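The values are calculated or read from the model by the stated rules, or taken from the named source; none is laboratory data. In this text, all values refer to a predicted model and were calculated from it rather than measured experimentally. Here Cβ is always computed from backbone atoms with ideal geometry, including for glycine, and neighbour counts include all displayed protein chains.
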Amino acid sequence: MNKKIIKISMMLFLMMGLTLVSSCSLQKLIENKITNTIENKYIEYTQNITIEDLEQALTVASEIAQASNIAIKCTRNNPLLATTYLGSAVILKRTASLNDTYDYLAITNRHVIGSLTNATIKVYLGNNIYIDASLLTYDVNYDLALISFNTGIMLEVATPVDETPIVGQFAIAVGSPYDIEEYYNTVTIGNISAVNRNYMMEDAYGRSVLNTFIQHDALINSGNSGGGLYDIYGRLLGINTWKLVGDDDEIVGINFAIPVSIVFSTFSTYLNA
């Protein structure tokens, strides 16, 4: 079975749309009889936690996460063909500016924005609001890019986690898949599957470099690139970047986000100033 790395931005060619359809195929059960021994373990809580309590916590966390997420539309112009890339981004910094406006810095994936000077970037804030944006800088090794924009609208800034994620904890993915207006800030929920997953990836120049990721199973699709991965408190865990698929889409739920600690260390000059 061949494995393919799928970067999850959405690319639209002028006068032509490309739709990725995911499906899953069930494998036949192994005929050999397998006996599993399950050990029951119980965790005592000082207070009773109900399903309603858990649902409320996830609902509040999702609202917090959505508040700092935005969508991106990037059009790259060349003499032969104009291509439009759709993706997501997370606001990491807000600074008061002149005339009662705010300057924002938002993180996304480099493969959404690219490194071309002839690209037109707009951020989408929902409710048919588009704002002009600019590429501030990008990282060569990690698939990360920092954009800036100005608006009179006060937007929320994501709060990064301080601690390392734990396998099994809730993971909330926010992004704008496929159609940024129709599916703006879609929320999916899963769990952290692994931390510190190391993979050889291509850098900005096509060279192989070692990158570290958080693996999770919160559903992501084309257009989720650059969107945030959050914990049950609505704190930013990482930036969704790619997922693993097979030839017949038989691989599902293997998704990867760049840890927020790497994001802040990479762009510390801009984010900590």
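Couple of notes before you dig in:
- For the range 202-216, filtered to residues that are in contact with a Ser or Thr (Cβ under 7 Å, 6 or more places away or on another chain) and closer than 17 Å to ALA145 by Cβ, the residue that is surrounded by the most Cβ atoms within 10 Å (Cβ to Cβ) is ALA204.
- Contact map, the range 225-251: first residue in contact (Cβ under 8 Å) with a residue 24 or more places away in the chain and buried (at least 24 other Cβ atoms within 10 Å of the Cβ), second residue acidic (Asp, Glu) and part of a loop (DSSP other than H, G, I, E, B), Cβ cut-off under 9 Å, separation 6 or more or different chains; pairs are SER225/ASP143; LEU237/ASP231; ILE239/ASP143; THR241/ASP143; TRP242/ASP143.
- Output for the range 223-253, where each listed residue is of a type in the set (Gly, Ala, Ser) and closer than 21 Å to SER62 by Cβ: GLY223, SER225, GLY226, GLY227, GLY228, GLY234, GLY238, GLY253
- Restricting the range 126-140 to residues that are crowded, with 19+ Cβ neighbours inside 10 Å and in contact (Cβ under 8 Å) with a residue 24 or more places away in the chain, the residue that is nearest to ILE239 (Cα to Cα): TYR138
- Applying the criterion of at least 3 residues that are farther than 19 Å from ALA71 by Cβ to the strands (runs of 3 or more DSSP E) found wholly in the range 178-273 leaves 186-202, 208-216, 236-246.
- Residue in the range 89-112 that is in a loop (DSSP other than H, G, I, E, B) and either farther than 20 Å from ALA273 by Cα or free of Cβ contacts under 8 Å to residues at least 12 places away in the same chain (or both) present: yes
- Residue in the range 85-93 that is under 25 Å from LYS243 (Cα atoms) and more than 14 Å from the chain's Cα centre (by Cα) present: yes
- Meets criteria (farther than 30 Å from SER193 by Cβ, at pLDDT 95 or above and loosely packed, with under 14 Cβ neighbours inside 10 Å) for ILE153: yes
- Selection from the range 252-273 of residues that are aliphatic (A, V, I, L, M) and touching a residue at least 12 places away in the same chain (Cβ under 8 Å): VAL252, ILE254, ALA257, ILE258, VAL260, ILE262, VAL263, LEU271
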